Amino acid sequence: MSEILIIIIGIVGIAVGFAVAKLLERKQASQTIANAKKAASNIIKEAKTEGESIKKDKILQAKEKFIELKSEHEKVIMTRDKKINDTEKRIKDKESQVSGELSKNKKLNKELEDKINDYNFRTDYLEKKQEEIEKLHASQIQQLEVISGLSAEDAKAQLSEALKDTARADAMALIQDTVEEAKLTAQQEAKKIIINTIQRIGTEEAVENCVSVFNLESDDVKGRIIGREGRNIRALEAVTGVEIIVDDTPEAIILSCFDSVRREVARLSLHKLVTDGRIHPARIEEVVKKTRKQIDEEIIDIGKRTVIDLGIHGLHPELIKVVGRMKYRSSYGQNLLQHSREVAKLCGVMAAELGLNAKLAKRAGLLHDIGKVPDTETEVPHAILGMQWAEKYGEKPEVCNAIGAHHDEVEMTSLLSPIVQVCDAISGARPGARRQVLDSYIQRLKDLEDIAFGFNGVKKAYAIQAGRELRVIVESEKVNDEKASNLSFEISQKIQTDMTYPGQVKITVIRETRAVNVAK
């Protein structure tokens, strides 16, 4: 019985507890709903307040923007009005200026018309006076003709013939006496002086050529000179302009070029490279550059030794340099420096025999062919160019005239001039002195290079393989690959048109771009 009571009490307790929980839950829910409604009303109120504030800000911004646009528009209108006013002012100024010019021109036209009228009046007056003078002159001539019984033309003819006959007779007599006297002594004395002069000067025969042989210690060096895929030998040929022939000749390489300076630069550069052992394109360019500088110094040294040997003093340093350069120039196979030294000695001996200034004659003889070694090609004859150089560097008028007149380019004004001309002929005409074939061959190679230099963008040009190939190095900035191909064709057409040559000439145009930077 007690257990049942306990159960009933428990069930009632549970029911009461459930009812109480439901009441509490409903009360809490109603309170939550009230709180939410209150929060929502607060949010709506704040939103309305914020919306009003944003609306006021936007209206204020719109007003400011309107004011700003209005001010800008007013500025544009003011600027436009100002430009229109300025334009109107300039137009008015121009109109006033034009009207002033028109009035000024009217005045000038009037003055010009007055001067023309005055000139016409004076011209008419002078013409009338001229007619009166001519009539008076004609009447005087008629009176003279009546008095003399001859016409004016007949009198002139008779007087002219009489004077001509008298002058011709006197001149013939003087010429005959002079010629007879000269025949007795001049020919014999001239032969004696020339023979004595030639006998006192010993000379060598022409030995100039277009190749040099570079000897090697062993054939193993040839491979290093050629380089991988031939890059070393190509670099050396490109920078020196000399054809390098590597064949089966034991322990030797042949250097071929008509320009002896280039050939000597290539020979000395090869010697330095082989001795040093480092052979690659960059090193080749460095060595060739240094060698060229060395050759320039050697040229000056040769010029100094030459003038000292001949006893010539006070020569300008530039002329000394030109004299040294003559060592690397040939004329018809005859070395130009050797020829000039020979002419200088001949001139000195011949001037001494004639009682003239031997030192001055030597000076003129040494410098007579300096015009053959210009820095750049020129159309001026070498005798005139040499005379211009001599005048520029302060040589005496007798020396300058002897240089310019030794090929009859200018008139001889001193006794040194025929002496230099005769000695030049003696030096060049003796047996074994010159070879015509070599000079024409060298001239043909130079003409090939000159044709290439006539085109735009060409930096260097070298005629190699005895004139069978022309290698042209162009500037990569000015000539692109397509232009390089066209340039090769244009040069070939120019050679076909302007030159006569045996066989074929191959034209190779080389274009190279280099990028060089220095790391510091």
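The values are calculated or read from the model by the stated rules, or taken from the named source; none is laboratory data. Everything quoted here is computed from the prediction, not taken from an experiment. Quick reminder, even Gly has a Cβ in these numbers, built from the backbone with ideal geometry, and neighbours come from all protein chains shown. Ligands, DNA and RNA are stripped out before the accessible areas are found, and what is left, the full protein with its side chains, is counted by its heavy atoms. Shrake-Rupley method; radii C 1.70, N 1.55, O 1.52, S 1.80 Å.
Which of the peptides 388-400, 362-374 is most tightly packed, and how do the rest follow, judged by the mean count of other Cβ atoms within 10 Å per residue?
362-374, 388-400
Could you work out the local net charge near Ser218, counting Lys and Arg as +1, Asp and Glu as -1, over the other residues with Cβ closer than 15 Å to its Cβ?
Overall, the nearby charge balance is -3.
Please give the solvent-accessible surface of Ile426 in Å², to the nearest 10, using a probe radius of 1.4 Å with every protein chain present.
30 Å²
Kindly report the accessible area of the chain per residue (heavy atoms of protein chains, probe 1.4 Å, no ligands, DNA or RNA), in Å². Write out the running numbers ahead of the final one.
Values: 35650 Å² over 520 residues.
Result: 69 Å² of accessible area for each residue.
So if I restrict to the alpha-carbon atoms in region 352-431, what is the Rg, and what is Dmax, the biggest pairwise distance, in Å?
Looking at region 352-431, its Cα Rg and Dmax stand at 12.2, 39 Å.
Residue by residue through region 134-140, what is 3J(HN,Hα) from phi via Karplus (6.51 cos²θ - 1.76 cosθ + 1.60, θ = phi - 60°)? Round to whole Hz and write x for glycine and proline.
Karplus-based 3J(HN,Hα) across region 134-140 equals 5, 4, 4, 4, 5, 5, 5 Hz.
Using the Cα centre of the chain as origin and beta-carbon charges of +1 (Lys, Arg) and -1 (Asp, Glu), tell me which of Ile507, Ser53, Val287 is placed farthest towards the positive end of the dipole.
After comparing all options, I get Ser53.
With volume of the Cα convex hull per residue in Å³ defined as stated, name the option among (1) 191; (2) 513; (3) 163 computed from the structure displayed.
Read-out taken from this structure: (2).
Taking every pair of alpha-carbon atoms in region 18-151, give the share separated by more than 25 Å as a whole percent.
Pairs farther apart than 25 Å: 77 percent.
Measure up Lys289/Lys321; Lys94/Lys115; Lys359/Lys446; Lys460/Lys494 against 25 Å on the Cα-Cα distance and list the ones that go over.
Correct reply: Lys94/Lys115; Lys359/Lys446.
Could you name the aspartates and glutamates in cross-link range of Lys293, using Cα to Cα under 19 Å and dropping any fewer than eight places away on the same chain?
By straight Cα distance, Lys293 reaches Glu237, Asp259, Glu264, Asp276, Glu285, Asp301, Glu318, Asp375.
Averaging sequence separations of C-alpha pairs under 8 Å and six or more residues apart, then dividing by the length of the chain, give the relative contact order as a whole percent.
Dividing the mean separation by the residue count of the chain yields 9 percent.
Rolling a 1.4 angstrom probe over the protein chains, ignoring ligands and nucleic acids, what is the accessible area of Phe66 in square angstrom, nearest 10?
130 Å²
Let's test this: bin the Cα-Cα distances of region 212-269 at 5 Å from zero up to the farthest pair and state each bin's percent.
4, 21, 31, 27, 14, 3
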